[in-house]
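The values are calculated or read from the model by the stated rules, or taken from the named source; none is laboratory data. Note that the coordinates shown come from a computational prediction; the quantities given were computed from them, not determined experimentally. Glycine gets a Cβ as well: all are built from the backbone with ideal geometry, and neighbour counts include every protein chain shown. What goes into the accessible areas is simple: the full protein's heavy atoms, side chains included, and nothing from ligands, DNA or RNA. Shrake-Rupley method; radii C 1.70, N 1.55, O 1.52, S 1.80 Å.
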Amino acid sequence: MLRMRTTGWVRGWCLGCCLLLPLCLSLAAAKQLLRYRLAEEGPADVRIGNVASDLGIVTGSGEVTFSLESGSEYLKIDNLTGELSTSERRIDREKLPQCQMIFDENECFLDFEVSVIGPSQSWVDLFEGRVIVLDINDNTPTFPSPVLTLTVEENRPVGTLYLLPTATDRDFGGGGNSASGGGPGGSKRRLEVPEGGGGTGSGGRSSVFELQVADTPDGEKQPQLIVKGALDREQRDSYELTLRVRDGGDPPRSSQAILRVLITDVNDNSPRFEKSVYEADLAENSAPGTPILQLRAADLDVGVNGQIEYVFGAATESVRRLLRLDETSGWLSVLHRIDREEVNQLRFTVMARDRGQPPKTDKATVVLNIKDENDNVPSIEIRKIGRIPLKDGVANVAEDVLVDTPIALVQVSDRDQGENGVVTCTVVGDVPFQLKPASDTEGDQNKKKYFLHTSAPLDYETTREFNVVIVAVDSGSPSLSSNNSLVVKVGDTNDNPPVFGQSVVEVYFPENNIPGERVATVLATDADSGKNAEIAYSLDSSVMGTFAIDPDSGDILVNTVLDREQTDRYEFKVNAKDKGIPVLQGSTTVIVQVADKNDNDPKFMQDVFTFYVKENLQPNSPVGMVTVMDADKGRNAEMSLYIEENSNIFSIENDTGTIYSTMSFDREHQTTYTFRVKAVDGGDPPRSATATVSLFVMDENDNAPTVTLPRNISYTLLPPSSNVRTVVATVLATDSDDGINADLNYSIVGGNPFKLFEIDPTSGVVSLVGKLTQKHYGLHRLVVQVNDSGQPSQSTTTLVHVFVNESVSNATVIDSQIVRSLHTPLTQDIAGDPSYEISKQRLSIVIGVVAGIMTVILIILIVMMARYCRSKNKNGYEAGKKDHEDFFTPQQHDKSKKPKKDKKNKKSKQPLYSSIVTVEASKPNGQRYDSVNEKLSDSPSMGRYRSVNGGPGSPDLARHYKSSSPLPTVQLHPQSPTAGKKHQAVQDLPPANTFVGAGDNISIGSDHCSEYSCQTNNKYSKQMSKHLQMKTIAVMEEIESKADYSLR
């Protein structure tokens, strides 16, 4: 047996050695990870790979050496050849801490670091490597217990499956195949019943049970017990079987356990978990007793068979140690504090088992993710690098090492996760050292490596020893920190370079100089002595043509004439080298500021500035800006701006060159302004320049159109026989604005209800577009609006009066109607005779009027008869005698004679005919009615007022009206005109045509009435018979015969 094991081990080791395959990524410039494979349990000095060849480094000369910086516990490297091999300590994959919780073949590895050191450690490169540890079959699979107990209920049908506990193997892959009951090829294993166990006999096959191995979705082997025959608990209540397991290694390893099958009573309902997978997050370091989650399962059975208890299923020892599962409630809680750095996830199964006989179970998977807490301080490890010795925290460094030389390797790490594990590392204090990442590639944030570099030259004479304190702080909340220190001892060398008194020397030197003048003198000192203190000065090659320096004295001379406008500043370095070995040097920066002289005139950007501004701009508003420059500097470039013309219209601001207006512009008044601006600098003597400014005023739509024709008080006579497209009037308007603001459009916005007229929007010509009828006779008021095209548009409204009639009988009446039109709201249409449409409704009014007229005539006759009789009785009357007095005229009495007062009439007597008029209706054809009894027609013209006249000897009613009547005066002309002419009664109109109160509803100014003078009001018509007083009487009458005025 020992020989077989030895042979198997040797065979496994040989197999592992054959699997050694170096995985080296070719390295050109960037540092990459070296990868190798190695079987575990190998002897010492097993070759792993050659680092030099994998890195493409040629060895053999001895100038490049190799050093293993980490991983020397299991590995070693040849310093000259770079050969990597195993050390004396054996590698056991199963015992490596980093491989305890690894489930991936490639994740078990050993990390190492190797440094490649150049000649005299002039350069050092650090490379990281990884050796993947391959598993061999050196562990035997085992069951959780040597005796396994399984309860099986009776009367289970043939083919019933029972899950058996799985065996575990610490090996991985083919060597660690935890396949219960056999290797990869077999899916079933036979169960043998030992002697005395019952069944089919000793060493025979069981006739009741059979073993089957199934593959789970997780890739594991699950042994299952299959019922092959009928089970009867009363006949046999237990079976004892042997269960064997074998791994897939070469040679295979196997073990066995006793499977004790207990037959229980029937329990036909299994518990069921609410979900198959429970997942929760648990903060690390949670106190014992902290509840995590509650697993819940339900069983449809009642009584004992429905009572559920919760137990761990497939759970590792660490799970059972860290967690507590309440069997009754299913609460999972913390038993011991969990450290995420030891285990970051717990995955196990929980069984829900009823108390029936036999109990039934259900399985649920629990996944606990351990959330990191910031409970670990960063770790700082300081190690040597290259040939610089470092021991017991002390590094010896020569003072002549170059700046940025690595002197130590600093590795910081934090066992926490995420932000808690992100570490920031820095050097504390004013020391000439700094940390730089050891690799350009970003690696693990929880583990960083730095080179400790020199950041400044070391000087033994100044400081002989440095205590370098390195502090590491993580990013947790609250953050944790730690520190470590390194003592750096400086070795003495000849290292003092020349030192200037100032690192930057700034001098001011005027332009237009004489070549060869001295600009400045720079001096350097050297702490050394002798040859090491002798200094030679030199300049940068960039300014050698412009400046020169005396190598012994340090005097800086100028070789050319400087012009500040071309170059106002020179900056160069002055080097000072000592004569020691090695040669050391120092340098200073010299800045020559070229001082300005006033040798340039001010210059405007343009000779002529042109600006466009809008009119009506508010006073003191900016209208433009001029730009002027001066190539000089300082006071020589400080300019004052003036407006040369003595004008109070514009002002200019010195700082910005902004021109302001002191007034508001009116384009209609002036369109352009031109003036000159002068700029004077502040030099001595001053220099000046001028520029011309032209300002153009842009038009704003600030003027409304002005209507020149027609006037609102004018009118146009339009015969009713006019044809369509007859030009009625032309509206002429002007606009003081310019351009589109002066483009005018004409439109009729009111007073055209019959659509008889239209206006040309461009020319303003008003044309007749409809046929005139009887109802259109009279005055038409067109409301014309003139709009310009500006934005916003401005408009003017004018009135166009059109009088539709054959001729003008009485211009005064038309004028009065126009005056009324001017006082009538524009929203009210004045167009023809609106009573034409409602003439039928006026019949009753006309009848009432006729009745009133007859009543008035009767009264007049009675009064005339009464006066006639009284006069006759008083003075006598002789036939054929001419009356010398107008009996309508009041009697003239001498002042000496006092008339007798009538007791009944205490007031002065008024003629009875002072307010008597005759209303005569017109026939439709324009003829008069012969008598008041004749029926009125439906003519739109209700009637005419006619004066009452009794012939040449009749009283002068007009004179009576003028002397006594309280109504507006009416002048009657009794002279008979020639045949064919008209008698006219000219009405003295009041200055304003305001129609308020009880006025007449009948127009007397023309043959046809206008809208506002012919509107019918029932209230007024009812009062016509009672009140015949008129506010305004205009009589126009056409006399067909040559008869004088007569009373009809």
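Data overview
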{"quantity": "Members of region 783-796 found to be under 21 Å from Arg725 (Cα atoms) and either open to solvent by 10 Å² or more (accessible area, probe 1.4 Å) or at pLDDT below 90 (or both), listed by number", "calculated": "Gln785"}
{"quantity": "Filter result for Glu806 (surrounded by fewer than 17 Cβ atoms within 10 Å (Cβ to Cβ), acidic (Asp, Glu) and at pLDDT 80 or above)", "calculated": "yes"}
{"quantity": "Residue list for region 137-165, restricted to those being in a loop (DSSP other than H, G, I, E, B) and of a type in the set (A, V, I, L, M)", "calculated": "Val158, Leu164"}
{"quantity": "Number of positions in region 212-243 that are in a loop (DSSP other than H, G, I, E, B) and modelled with pLDDT of 90 or more", "calculated": "1"}
{"quantity": "Number of the exception - Gly634 against (1) surrounded by 13 or more Cβ atoms within 10 Å (Cβ to Cβ); (2) out of contact with any strand residue (DSSP E or B) (no Cβ under 8 Å at 6 or more places or on another chain)", "calculated": "(1)"}
{"quantity": "Condition check for Ser503: small (Gly, Ala, Ser), within 30 Å of Val558 (Cα to Cα) and open to solvent by 50 Å² or more (accessible area, probe 1.4 Å)", "calculated": "yes"}
{"quantity": "Residue ID - farthest from Ile581 (Cα to Cα), chosen from residues in region 481-491 that are out of contact with any Lys or Arg (no Cβ under 7 Å at 6 or more places or on another chain) and open to solvent by less than 40 Å² (accessible area, probe 1.4 Å)", "calculated": "Ser482"}
{"quantity": "Given (1) buried (at least 19 other Cβ atoms within 10 Å of the Cβ); (2) free of Cβ contacts under 8 Å to residues at least 12 places away in the same chain, number of the condition Pro389 does not satisfy", "calculated": "(1)"}
{"quantity": "Residue in region 353-362 that is of a type outside the set (D, E, K, R), at pLDDT 90 or above, open to solvent by 80 Å² or more (accessible area, probe 1.4 Å) and assigned to a loop (DSSP other than H, G, I, E, B) present", "calculated": "no"}
{"quantity": "Enumeration of residues in region 822-841 that are within 23 Å of Pro720 (Cβ to Cβ), modelled with pLDDT of 65 or more and part of a loop (DSSP other than H, G, I, E, B)", "calculated": "Asp829, Ile830, Gly832, Asp833"}
{"quantity": "Residue in region 526-541 that is surrounded by 15 or more Cβ atoms within 10 Å (Cβ to Cβ), in contact with a Phe, Trp or Tyr (Cβ under 7 Å, 6 or more places away or on another chain) and at negative phi present", "calculated": "yes"}
{"quantity": "Residue match in region 539-558 (condition: under 15 Å from Pro497 (Cβ atoms) and without any contact (Cβ under 8 Å) to a residue 40 or more places away in the chain)", "calculated": "no"}
{"quantity": "Filter result for Asn494 (surrounded by fewer than 16 Cβ atoms within 10 Å (Cβ to Cβ), at pLDDT below 85 and in contact with a helix residue (DSSP H, G or I) (Cβ under 9 Å, 6 or more places away or on another chain))", "calculated": "yes"}
{"quantity": "Among the residues listed as Ile136, Ile77, Ile117, Ile57, the single one being of a type in the set (Val, Ile, Thr), touching a residue at least 12 places away in the same chain (Cβ under 8 Å), out of contact with any helix residue (DSSP H, G or I) (no Cβ under 7 Å at 6 or more places or on another chain) and buried (at least 17 other Cβ atoms within 10 Å of the Cβ)", "calculated": "Ile117"}
{"quantity": "Val849 being within 27 Å of Arg711 (Cα to Cα) and either surrounded by 14 or more Cβ atoms within 10 Å (Cβ to Cβ) or under 56 Å from the mean Cα position of the chain (by Cα) (or both)", "calculated": "no"}
{"quantity": "Region 146-157 - residue that is open to solvent by 40 Å² or more (accessible area, probe 1.4 Å) and at pLDDT 90 or above and, of those, farthest from Met101 (Cα to Cα)", "calculated": "Thr149"}
{"quantity": "Residue, farthest from Asn446 (Cα to Cα), within region 380-400, restricted to residues that are basic (Lys, Arg) and not in a strand (DSSP E or B)", "calculated": "Arg387"}
{"quantity": "Residue match in region 41-58 (condition: part of a helix (DSSP H, G or I), in contact with a strand residue (DSSP E or B) (Cβ under 6 Å, 6 or more places away or on another chain) and at pLDDT 85 or above)", "calculated": "yes"}
{"quantity": "Asn285 on the phi > 0 side of the Ramachandran plot and at pLDDT below 90", "calculated": "yes"}
{"quantity": "Residues satisfying the stated conditions in region 559-604, i.e. open to solvent by 10 Å² or more (accessible area, probe 1.4 Å), touching a helix residue (DSSP H, G or I) at 6+ places or on another chain (Cβ under 6 Å) and free of Cβ contacts under 8 Å to residues at least 60 places away in the same chain", "calculated": "Lys579"}
{"quantity": "Residues (of a type in the set (A, V, I, L, M, F, W, C) and in a loop (DSSP other than H, G, I, E, B)) located in region 758-790", "calculated": "Val769, Leu772"}
{"quantity": "Test: Val813 is more than 24 Å from Lys755 (Cα to Cα), touching a strand residue (DSSP E or B) at 6+ places or on another chain (Cβ under 7 Å), modelled with pLDDT of 80 or more and crowded, with 20+ Cβ neighbours inside 10 Å", "calculated": "yes"}
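Rundown of residues vs (1) open to solvent by 40 Å² or more (accessible area, probe 1.4 Å); (2) in contact with an Asp or Glu (Cβ under 7 Å, 6 or more places away or on another chain), yes/no style:
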| site | (1), (2) |
| --- | --- |
| Ile649 | yes, no |
| His669 | yes, no |
| Thr674 | yes, no |
| Ala679 | no, no |
| Asp699 | no, yes |
| Pro719 | yes, yes |
| Arg725 | yes, no |
| Asp737 | no, yes |
